[in-house]
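The values are calculated or read from the model by the stated rules, or taken from the named source; none is laboratory data. Because the structure is a prediction, the values reported are computed rather than measured. Here the Cβ positions follow ideal geometry from the backbone for every residue, glycine too, while neighbour counts run over all protein chains shown.
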Amino acid sequence: MNLTENPFDLLELEPCFLLDLEHLQNKYRQLQKKYHPDRLTQASLAEQRQAQLRSTQINAAYQILKDPWKRVHILLYLAHFSLESQPANKSLLNEIFDAQEAYENTTDESQKAHIKQTYALKTQALDEALNELFLQIDNRFISLTQAAEQALLLIHQRKYYYNMAFHLL
């Protein structure tokens with residue numbers, strides 16, 4: 001993350017996955033009104049530079065938090081978990097390899113569409129599982145630390161399924 005501050009703190013929000021996007025947008029606009037450099041044309045050059053920096057940070061935080069997958073990454077990052085450290089799941093990799101091979105070896109367009117549709121549905125199911133997991137975290141039924149390993153596994157699996165569904169040629 002290229003932020004010097006926690007994006008939730010920058011936008012004065014409690015860290016959670018299931019954000020009210022309208023509230024997020026309202027906080028963003030409120031803070032941009034306060035810090036946007038155009039509102040400080042009479043201020044000193046140093047104050048204008050500081051406002052430009054703060055406005056840029058607020059915009060970057062908003063861009064992260066409005067995207068659910070970036071929000072997942074930042075929540076895990078804030079809890080000291082990294083998606084990059086996720087070990088490869090051999091059965092998942094074998095499944096993906098077999099599906100890619102089947103896709104590449106068929107000339108039947110309906111079979112190719114079926115493979116892509118299968119992985120689109122698997123991606124959707126993982127999205128629902130992640131939403132449910134983060135709902136439990138947001139409602140304080142379980143902690144992010146307790147759920148992080150499960151979240152990492154689901155996110156890792158989702159990445160492969162999503163690529164199968166939407167990035168096959």
**Report entry** Selection count where residues are assigned to a helix (DSSP H, G or I) and surrounded by fewer than 17 Cβ atoms within 10 Å (Cβ to Cβ), scope segment 9-39
**Finding:** 13
Query - Positions within segment 137-148 being surrounded by fewer than 16 Cβ atoms within 10 Å (Cβ to Cβ) and either in contact with a helix residue (DSSP H, G or I) (Cβ under 9 Å, 6 or more places away or on another chain) or hydrophobic (A, V, I, L, M, F, W, C) (or both), in sequence order - result: PHE141, ILE142, SER143, GLN146
Report summary line: Residue hits (segment 40-77; surrounded by fewer than 14 Cβ atoms within 10 Å (Cβ to Cβ) and either at pLDDT 85 or above or in contact with a strand residue (DSSP E or B) (Cβ under 9 Å, 6 or more places away or on another chain) (or both)) are SER44, LEU45, ALA46, GLU47, ARG49, LEU53, THR56, GLN63, ASP67
Report summary line: Of SER143, SER110, SER85, the only residue that is polar (S, T, N, Q), at pLDDT 90 or above and on the phi < 0 side of the Ramachandran plot is SER110
Requested in this report: Write out, first by first residue and then by second, each pair whose Cβ atoms fall under 8 Å of each other, whose residues are 6+ apart or on separate chains, and whose first residue, in segment 135-161, is basic (Lys, Arg) while the second is in a helix (DSSP H, G or I).
Outcome: ARG158/THR123; ARG158/LEU126; ARG158/ASP127; ARG158/LEU130
Query - Residues located in segment 78-99, provided they are of a type outside the set (A, V, I, L, M) and loosely packed, with under 15 Cβ neighbours inside 10 Å - result: HIS80, SER82, GLU84, SER85, PRO87, ASN89, LYS90, SER91, ASN94, PHE97, ASP98
Query - Segments classed as helices (runs of 4 or more DSSP H), wholly inside segment 78-169, with at least 2 members that are over 15 Å from the mean Cα position of the chain (by Cα) and closer than 28 Å to ASP20 by Cβ - result: 109-138, 144-166
Report task. Run down ARG71, ARG49 and say which single residue is part of a helix (DSSP H, G or I) and under 30 Å from ILE155 (Cβ atoms). Result -> ARG71
Report summary line: In segment 42-72, residues that are within 16 Å of LEU10 (Cβ to Cβ) and in contact with a helix residue (DSSP H, G or I) (Cβ under 8 Å, 6 or more places away or on another chain) total 16
